[in-house]
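Structure first, then comments.
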Amino acid sequence: MLRRNDTGLFVKPAPAVYPFQWNWDSALAAIGLARVDVERGRQEVRGLLRGQWTDGMVPHIVFHPTSVDYSPGPELWGSAGCPGAPEILTSGLTQPPVLATAVRVLHEAAPDTGFLEEVLPGVEAWHAWLSRERDFDGSGLVAILHPWESADNAPRFDRALARVEPDGGPTVARSDRRHLASDERPTDRDYTRYLAIVEALRRCAFRPRSLAEAPFAYVDLTFNSVLAAAEEDLAWLWGELGDRGGRATSAAAGLREALAGRWDEDAVAYRELDLHAGEEQVAGTVGELMPLYAGVPDERRARRMFDEALWAPNRYGPSPEAPWAVTTVSKQSPDFDSSRYWRGPVWINVNWFLIRGLERLGLAAEASLLQDLTLELVSTSGFSEYYHPSTGAPLGSREFSWSAALTLDLIDDLRP
Ligand code: 9WN
């Protein structure tokens, strides 16, 4: 299936809906490719870095020249008119930085210091850009400036998004509508605001000097946890080249400490922050458990998070009515929706992050429970974009690359 989605230049996230190179999709694809074709995995990393801007940002979409019908496409971004953009057209946003982790997995599968010399400076520049450009409140945590920089349609963004003035954005056709059921996708109401944010950011060439130029700014814990783990992996990779990786090592420690400070004892979760509202919140989405992936809680706290949140039947865990876990939104939340995108369905990448987190924190039995359930889900319903938590039915696009790639990674653990 990954081979079918392979254009030769990059692996498409899905056959028709997402025909270009997306950032974290590619990194997650490379993690799976490390199990079957390391050189092809390295190509994925190289392809993504072709889209890097001179200031370090690795964009969320690289529009490799292919003749496909996708909207909103490169014209929405106008990257060619932005200082520091590469020749190849890209979006002006970024996505959770899984790339360093992918490079580490590739290197562990087949060490190649030449490849590290080639790609580490780019990864380093991206991470440095994130802390330089996106730490708006000096907390050590970075902000996303658009829901597309994380789990875009998650209810945790609703309030911040509602504040965005929907007028002024361009009107574009949505090609997703031609391929997917509309009740599994973001509404037009949300989409209009997504476009309005792009329009506002485009006015400053996607480099707001202050929050006043960014209509949406959110300290998302999925993004920050992925970054914390990636900084640690980057420091390890520099070590393979005999370098101390000083910036990455201290960034990883700083991020972990800042994430730890977001712990909410009553909610048994970590708090996120809508920077324009200035209020930390627990909104009942799985992102609040993601510091597990970065090894933030100690074993005792991680166990509590597992028992009282992640595996709790009334929150994210399996229940008689919804046996497939983990849900992306707590079942207690009024926003829980079994079919719509990031608003409840089960996603394989989320499960994979949590499995790897539980393992690193010493919760091997708990990690296995989630791993078994995840593998059962893909064997029952195939490699879909997401899944209905009650029926396990495939939702969104079929033949979704990261679902297949991460399955390859998970089944590799089962080899004797
Ligand atoms: C917009 C490609 C991407 C993923 C995102 C997911 C979705 C696009 C969309 O698809 O985003 O970038 O059309 O909604 O939310 O996580 O990287 O698979």
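The values are calculated or read from the model by the stated rules, or taken from the named source; none is laboratory data. Just so it is clear, the structure is predicted and the values come from calculations on it, not from any experiment. Positions of Cβ are generated from backbone atoms using ideal geometry, with glycine treated the same way; all protein chains shown enter the neighbour counts. With ligands, DNA and RNA removed, areas are computed over all heavy atoms of the protein, side chains included. Shrake-Rupley method; radii C 1.70, N 1.55, O 1.52, S 1.80 Å.
Quick notes on this one:
- Residue in the range 16-42 that is surrounded by the fewest Cβ atoms within 10 Å (Cβ to Cβ), counting only those that are charged (D, E, K, R) and assigned to a helix (DSSP H, G or I): Glu39
- Sole residue being assigned to a helix (DSSP H, G or I), touching a Lys or Arg at 6+ places or on another chain (Cβ under 6 Å) and open to solvent by less than 20 Å² (accessible area, probe 1.4 Å), chosen from Leu259, Leu237, Leu255, Leu227: Leu237
- Residue that is farthest from Arg134 (Cα to Cα), among those in the range 59-96 that are polar (S, T, N, Q) and surrounded by fewer than 21 Cβ atoms within 10 Å (Cβ to Cβ): Ser67
- Single condition Arg189 does not satisfy, out of (1) part of a helix (DSSP H, G or I); (2) open to solvent by 30 Å² or more (accessible area, probe 1.4 Å); (3) in contact (Cβ under 8 Å) with a residue 60 or more places away in the chain: (3)
- Restricting the range 151-175 to residues that are among the polar types (S, T, N, Q) and either free of Cβ contacts under 8 Å to residues at least 40 places away in the same chain or touching a Lys or Arg at 6+ places or on another chain (Cβ under 9 Å) (or both), the residue that is nearest to Ala283 (Cα to Cα): Asn153
- Residues of the range 13-45 satisfying the condition of being acidic (Asp, Glu) and either within 16 Å of the ligand (Cβ to nearest atom) or touching a His at 6+ places or on another chain (Cβ under 9 Å) (or both): Asp25, Glu44
- Output for the range 159-178, where each listed residue is part of a helix (DSSP H, G or I), surrounded by 16 or more Cβ atoms within 10 Å (Cβ to Cβ) and out of contact with any strand residue (DSSP E or B) (no Cβ under 7 Å at 6 or more places or on another chain): Leu161, Asp176
Listed here are the residues, each with its yes/no results for (1) over 26 Å from Tyr387 (Cβ atoms); (2) out of contact with any helix residue (DSSP H, G or I) (no Cβ under 6 Å at 6 or more places or on another chain); (3) within 16 Å of the ligand (Cβ to nearest atom).
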residue	(1), (2), (3)
Arg174	no, yes, yes
Arg177	no, yes, yes
Ile197	yes, yes, yes
Ala200	yes, yes, no
Ala212	yes, yes, no
Ala217	yes, no, no
Phe223	no, yes, yes
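- Scanning the range 248-271 for residues that are among the charged types (D, E, K, R) and out of contact with any Leu (no Cβ under 9 Å at 6 or more places or on another chain) returns Arg256, Glu257, Asp264, Glu265, Asp266.
- Residue that is farthest from the ligand (Cβ to nearest atom), among those in the range 379-416 that are hydrophobic (A, V, I, L, M, F, W, C), in a helix (DSSP H, G or I) and farther than 20 Å from Trp22 by Cβ: Ile411
- Residue-level check: of (1) touching a helix residue (DSSP H, G or I) at 6+ places or on another chain (Cβ under 9 Å); (2) surrounded by fewer than 19 Cβ atoms within 10 Å (Cβ to Cβ); (3) part of a loop (DSSP other than H, G, I, E, B), Leu375 misses just (3).
- Every test in (1) at positive phi; (2) of a type in the set (Ser, Thr, Tyr); (3) touching a Ser or Thr at 6+ places or on another chain (Cβ under 8 Å) is passed by Tyr341 save one, and that test is (3).
- Going through (1) in contact with a helix residue (DSSP H, G or I) (Cβ under 7 Å, 6 or more places away or on another chain); (2) buried (at least 19 other Cβ atoms within 10 Å of the Cβ); (3) over 11 Å from Asp220 (Cα atoms) one by one, Gly284 falls short only on (1).
- Residue match in the range 328-339 (condition: out of contact with any Cys (no Cβ under 9 Å at 6 or more places or on another chain), at pLDDT 95 or above, within 16 Å of the ligand (Cβ to nearest atom) and open to solvent by less than 10 Å² (accessible area, probe 1.4 Å)): yes
- Of residues in the range 314-343 being in a loop (DSSP other than H, G, I, E, B) and in contact with an Asp or Glu (Cβ under 8 Å, 6 or more places away or on another chain), the one nearest to Ser397 (Cα to Cα): Tyr341
- In the range 46-79, the residues that are farther than 27 Å from Arg178 by Cβ and away from the ligand (no atom under 15 Å from the Cβ): Arg46, Leu49, Arg50, Gln52, Trp53, Thr54, Asp55, Gly56, Met57
- Glu118 vs. criteria of a type in the set (Asp, Glu), over 16 Å from Leu273 (Cβ atoms), crowded, with 17+ Cβ neighbours inside 10 Å and touching a helix residue (DSSP H, G or I) at 6+ places or on another chain (Cβ under 8 Å): no
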